[in-house]
Amino acid sequence: MIRLLATLPFVFPVFVTAQEFAGSGGYDPARITPEMKAVTETIAQALEGLTPEGFSQKSLVERYTEVNLYDKINGRSELFHAYDVTGMTFVTFARADDPAQFIDVFLYDMTTPLGAFGIASVERPPGSESIAIGDGGHRSKADLFFRKGQYYASILTSGADEEVQKAASVLAETLAKRLNSEAAELWGLAVLPEEHRVEETVQYVMVDALGLDFLSNVFLAEYNDGETEFTAFVARSNSADDAAAVLAQYKAYLDEFGDMPESAQIEGVSVLVADVGGGFFDGVCQVGDVIAGVTAINDRDATLKAMTFLLERLTTPN
């Protein structure tokens, strides 16, 4: 359950090119079992006939499930497994007049809209540009990413070539329209306060949030009230009793690894506050079936103020 004390939760993966994604074994359609074919049929069909004008399709529509996902994306498969990926399909296109200019499309079935939001949120690097595709997307340099329902798409390109970028945008819009999946309400977006929330910083972490193995099903966001910058989080359990058990584990963690843990009453709620190392403080409490808290704040009073802000505006999930 040990985490590095005072480590901030917002750690964004490093993006790599499509060639670096690919595994070394190559794709062998003969290895696709009927079960694997059935699991990936919807996302495979979504990539059929998607060739942009002026491009040619350079690969079969490849299919992968949790069994062989590592063959295509190597060590990154663990991240997708953490969000309950069911399957992935891949296809690549190249400009007919310049084969070095390519568009690679990775389409993931993340099982639930929550899983798709989660992987999209942790994949998104700072400074990326929001784009209105599907249920939300972003552009990072020459690459496009979007989610729609339970699906998540990564569209990686060879670079800033104008024709490639135009084709990739059209392809993304076409693919999003093909994915028949309705947007779902994401509970954390309603629970976390909108006031002072830094745009595009909400993340969903399915397991091991903040490096703590007892903290799962967690939404986090960065806040800035003009005086203090801090990270707030909410973790939802199946019941109030389950949430109480999680809080007990958090308290045990603070007792063992923190310094000067104490309890304070805020908005009628008992809040635990402790120095977690390096002069940084955590605050945490239980509200019904939700664990709410703030983390890595460099002042005890500021931690109490941030917890007050959070509890005054926290919305109880349905």
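General remarks:
- The single residue among ARG300, ARG313 that is touching a strand residue (DSSP E or B) at 6+ places or on another chain (Cβ under 6 Å), surrounded by fewer than 23 Cβ atoms within 10 Å (Cβ to Cβ) and touching a residue at least 24 places away in the same chain (Cβ under 8 Å) turns out to be ARG300.
- Applying a threshold of 7 Å to beta carbon distances and a minimum spacing of six or more residues, or different chains, the list of pairs starting in region 156-183 at a residue that is farther than 12 Å from LEU144 by Cα and ending at one that is open to solvent by 90 Å² or more (accessible area, probe 1.4 Å) and not hydroxyl-bearing (Ser, Thr, Tyr) is empty.
- Filter result (polar (S, T, N, Q) and under 22 Å from GLU227 (Cβ atoms)) within region 262-318: THR295, ASN298, THR303, THR308
- GLU194 vs. criteria among the charged types (D, E, K, R), over 30 Å from GLN101 (Cβ atoms), assigned to a strand (DSSP E or B) and open to solvent by 50 Å² or more (accessible area, probe 1.4 Å): no
- Considering region 197-209, the residues that are in contact with a Ser or Thr (Cβ under 9 Å, 6 or more places away or on another chain) and outside any loop (DSSP other than H, G, I, E, B) include one that is surrounded by the fewest Cβ atoms within 10 Å (Cβ to Cβ), namely VAL205.
- Residue match in region 280-290 (condition: more than 19 Å from VAL246 (Cα to Cα) and in contact (Cβ under 8 Å) with a residue 24 or more places away in the chain): yes
- Yes/no for ALA120 being within 30 Å of ARG236 (Cβ to Cβ) and either in contact with a Lys or Arg (Cβ under 6 Å, 6 or more places away or on another chain) or not in a loop (DSSP other than H, G, I, E, B) (or both): yes
- All strands (runs of 3 or more DSSP E) inside region 131-183 with 1 or more residues being aromatic (Phe, Trp, Tyr): 143-148, 151-157
- Of all residue pairs spaced 6 or more apart or on separate chains, those with beta-carbon atoms under 8 Å, a first member in region 188-209 that is within 23 Å of THR111 (Cβ to Cβ) and in contact (Cβ under 8 Å) with a residue 40 or more places away in the chain and a second member that is among the aliphatic types (A, V, I, L, M) and surrounded by fewer than 16 Cβ atoms within 10 Å (Cβ to Cβ) are VAL202/LEU189.
- Among the residues of region 239-269, those identified as open to solvent by less than 60 Å² (accessible area, probe 1.4 Å), farther than 15 Å from ALA302 by Cβ and either in contact with a His (Cβ under 6 Å, 6 or more places away or on another chain) or outside any helix (DSSP H, G or I) (or both) are SER239, GLY258, VAL269.
- Residue within region 243-254 that is under 30 Å from PHE90 (Cβ atoms), of a type in the set (D, E, K, R) and more than 16 Å from the chain's Cα centre (by Cα) present: no
- Within region 80-102, the set of residues being under 28 Å from the mean Cα position of the chain (by Cα) and surrounded by fewer than 15 Cβ atoms within 10 Å (Cβ to Cβ) comprises just one member, HIS81.
- Scanning region 210-238 for residues that are open to solvent by less than 40 Å² (accessible area, probe 1.4 Å), on the phi < 0 side of the Ramachandran plot and touching a residue at least 40 places away in the same chain (Cβ under 8 Å) yields a total of 13.
- Contacts under 8 angstrom Cβ, first residue in region 20-47 being at pLDDT 95 or above, partner of a type in the set (Ser, Thr, Tyr) and part of a loop (DSSP other than H, G, I, E, B), 6 or more apart: VAL39/THR86
- Restricting region 36-72 to residues that are farther than 21 Å from VAL85 by Cα and not in a loop (DSSP other than H, G, I, E, B), the residue that is most open to solvent (accessible area, probe 1.4 Å) is GLN57.
- Verdict on ASN224 being among the polar types (S, T, N, Q) and in contact with a His (Cβ under 7 Å, 6 or more places away or on another chain): yes
- THR111, sole failed condition from (1) open to solvent by 40 Å² or more (accessible area, probe 1.4 Å); (2) within 30 Å of ALA235 (Cα to Cα); (3) part of a helix (DSSP H, G or I): (3)
The values are calculated or read from the model by the stated rules, or taken from the named source; none is laboratory data. Quick caveat: nothing in here was measured; it's all calculated off a predicted structure. Methodologically, a virtual Cβ is constructed for each residue, glycine included, from the backbone with ideal geometry; neighbour enumeration extends over all protein chains shown. With ligands, DNA and RNA removed, areas are computed over all heavy atoms of the protein, side chains included. Shrake-Rupley method; radii C 1.70, N 1.55, O 1.52, S 1.80 Å.
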